[in-house]
Amino acid sequence: MKNKILLIEPPYFRLFKNSYSLDIYPLALGYLSGVIKQHTSWNVTTYNADFNENSEFTEFGFLAGQGFKNYIKNLEDPSMHVWKEIEQTILDLKPDVVGISTNSRNFASALKVANLVKKINNNTLVILGGSHPSTAGKDILKNDEVDVIVVGEGERTIVELLKFIEDNKDLEQVEGIIFKKEGNIIETPRRPLIENLDSLPFPHEFAPEILKDYNKYPVTAFKSIFSTRGCPFNCFYCGAREIWGRKPRIRSVENVIKEIKLLQELGVKFINFRDDLFRINNDQIKKLCLAILEHFPGLKWVCEFSAKLVDDATIKIMKKAGCYKILLSVESGNNFILDKMRKNVTIEEIFNACKIIKSNRIELSALFMVGFPYETEETLKDTLKAIKKIKADSVTLSTFCPYPGTEIFKFCKEHNLIKEDYNPSLQNHQSREHCFCLNLDQEKFNTLVSKMEKITDNKNRRNRIKKLFSLRIFDMIKETGIKKNVKNGVRLIFKK
């Protein structure tokens, strides 16, 4: 019989409420399972334990207050439905190896999954990979339920690791891992990054045969694409470079087009480019946009963008190629904070970028982050002014959280802003239990941020109402044949 490996995305949203859900097929599971399927003899199953087919929730915004209290409670409640579901899945599949995809926010949940695995069969090998193990390193192995961690990109490493396990070879020869051996922790050399991203299988390619409950997923679960890995920018707080590096690696336009074609054959109508920075430069953006225009007229897509890349010509070609929404990382409304973050942009440049995006009738989502160590009451007030002023269709406000292994984490440790028992899974972007500011205490910080949250929520609510109102006017004008007299269209709405 073939050896069996189970790859798991641990629950996070479902811990806030069981009917919340991560309604996507995680790209990490797709890529890892694909290379295992292609290059090993192992039987692989992928399992998104954060998926609920009866989801009432598809996009996670800000959940503080009672939501976060539920999260903490459900982490510790073994009777909660999701833990029972995970336990039964492990019992049914009886894997020899369990690989858990882990970021900082779901790390506590990942350890719960690992603990369940070991309780069922202590001989099952537990591997953790993802952004959190890549930044936190060997400290992860202080947890008895974890046997091996994969550092950095995992596709080449997991293939070699499984072959060594199968042949019962010494794991010290496998690059890119940290593991336990006879009571010692062994760290092997870092594996070089994958230069040719076109060599990787498409994440959705084998999903129909290996994804648990595949038929229960909506087709939109497969809308995500990585077209680029690596970001040349050097933001002080970023942990992504610990996995992808700073040297951009870009998939060929032909390879991306081929993946989109296969997704369209599945029924996917729009694409979410999940790149940390979409296509890195304007020339690459233009090449991809022209190819999309040629092959997929009418395709709609969304991406995350940098204000530094915004110019009218680029945004126009993106709009023409079907880009209907851009996520823009603003972070702060204060130039001193932006400089300390090493964002290499000013708030004035950001406002100008927003103006260009909106003038091209592209939906804009502005992302803000408050609580950076250098924050003061005045810098937070500047960010609040920016939230009020910015011409965005939606605003996301999160609080700063330092990730272990990053530059900013070391800075916070050196300035005694992080306690010894710090756990990013319990003090994440949705938590109000932390404050990492040099100049503000927690009480003052919470008071200021609570005010900012209310204003942000009100702005988003008004924008949603305005959007619905505009759509209704459009529908009514179409319905009644009125093409020019908007006032009559508005009057008809109120009559109805």
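Compared with the direct C-alpha span, the chain from Glu187 to Glu56 gains 42.9 nm at full extension, assuming 0.36 nm per residue.
I'd like to compare 235-244, 356-365: which one has the highest average count of other Cβ atoms within 10 Å, and what's the full order after that?
235-244, 356-365
Modelled this way, with points 7 Å down the Cα-to-C-beta line, the labels at Ile455 and Glu209 are 5.6 nm from one another.
The slack between Asn463 and Gln264, meaning 0.36 nm per residue of separation minus the straight C-alpha distance, is 68.5 nm. For the stretch 367-452, the solvent-accessible area of protein heavy atoms averages 46 Å² per residue (probe radius 1.4 Å; ligands and nucleic acids excluded). Quick note on the stretch 300-346: its Rg to Rh ratio, both from C-alpha atoms and Rh being the Kirkwood radius, is 1.07.
Only helical DSSP H runs with n ≥ 4 go in: add -39500 (n - 2.57) per run for the chain, normalise by residue count and round the 222 nm mean residue ellipticity to 500 deg cm²/dmol. It comes out at -13000 deg cm²/dmol, rounded to the nearest 500.
Given R0 = 22 Å, the distance between the Cβ atoms of Ala313 and Ser252 translates into a calculated FRET efficiency of 0.45. Sorting 73-82, 245-254, 345-354, 128-137 by average packing, meaning the other beta carbons within 10 Å per residue, from highest down gives 128-137, 345-354, 245-254, 73-82. When the Cα atoms of the stretch 309-412 are aligned to their principal axes, the ranges along those axes come out at 44, 30, 20 Å in descending order. Along its three principal directions, the equivalent ellipsoid of the chain from the Cα gyration tensor extends over semi-axes of 38, 28, 23 Å, largest first. Of all DSSP bridge pairs formed entirely within the chain, close to 20 percent run antiparallel. For the chain, which whole-number percentage of the solvent-accessible area (1.4 Å probe, protein heavy atoms only) is attributable to carbon and sulfur atoms? On the chain, the fraction of accessible area on carbon and sulfur atoms equals 49 percent. Going by alpha carbons, how many degrees (0 to 90, nearest 10) lie between the helix axis of 66-75 and the longest principal axis of the chain? It is inclined by approximately 10 degrees.
Within straight-line reach of Lys419, meaning a Cα separation under 28 Å, sit the following lysines at least 8 residues removed in sequence or on another chain: Lys69, Lys73, Lys112, Lys138, Lys142, Lys180, Lys340, Lys343, Lys381, Lys410, Lys444, Lys451. In order along the stretch 97-110, the Karplus-derived 3J(HN,Hα) couplings, from 6.51 cos²θ - 1.76 cosθ + 1.60 at θ = phi - 60°, round to 9, 10, x, 10, 7, 10, 10, 5, 5, 9, 4, 4, 5, 4 Hz, and Gly and Pro are given as x.
Across the options Asn115, Pro78, Thr346, the greatest Cα extent toward the positive end of the charge dipole of the chain (unit charges at beta carbon of Lys, Arg, Asp, Glu) belongs to Thr346.
Were the residues from Asn143 through Lys73 laid out at 0.36 nm apart, the gain over their Cα-Cα distance would be 23.1 nm.
In this structure the stretch 220-304 gives 43 Å² per residue of accessible area when probed at 1.4 Å with all protein chains present. Separation of the alpha carbons by more than 27 angstrom is noted, of Lys223/Lys316; Lys212/Lys261; Lys223/Lys413, for Lys223/Lys413. Unpaired cysteine residues in the chain (no second Cys Cβ under 4.7 Å): Cys231, Cys289, Cys303, Cys323, Cys354, Cys401, Cys412, Cys435, Cys437.
The values are calculated or read from the model by the stated rules, or taken from the named source; none is laboratory data. Everything quoted here is computed from the prediction, not taken from an experiment. Glycine gets a Cβ as well: all are built from the backbone with ideal geometry, and neighbour counts include every protein chain shown. The protein model used for the area step is the full one, side chains on, heavy atoms only, and it has no ligands, DNA or RNA in it. Shrake-Rupley method; radii C 1.70, N 1.55, O 1.52, S 1.80 Å.
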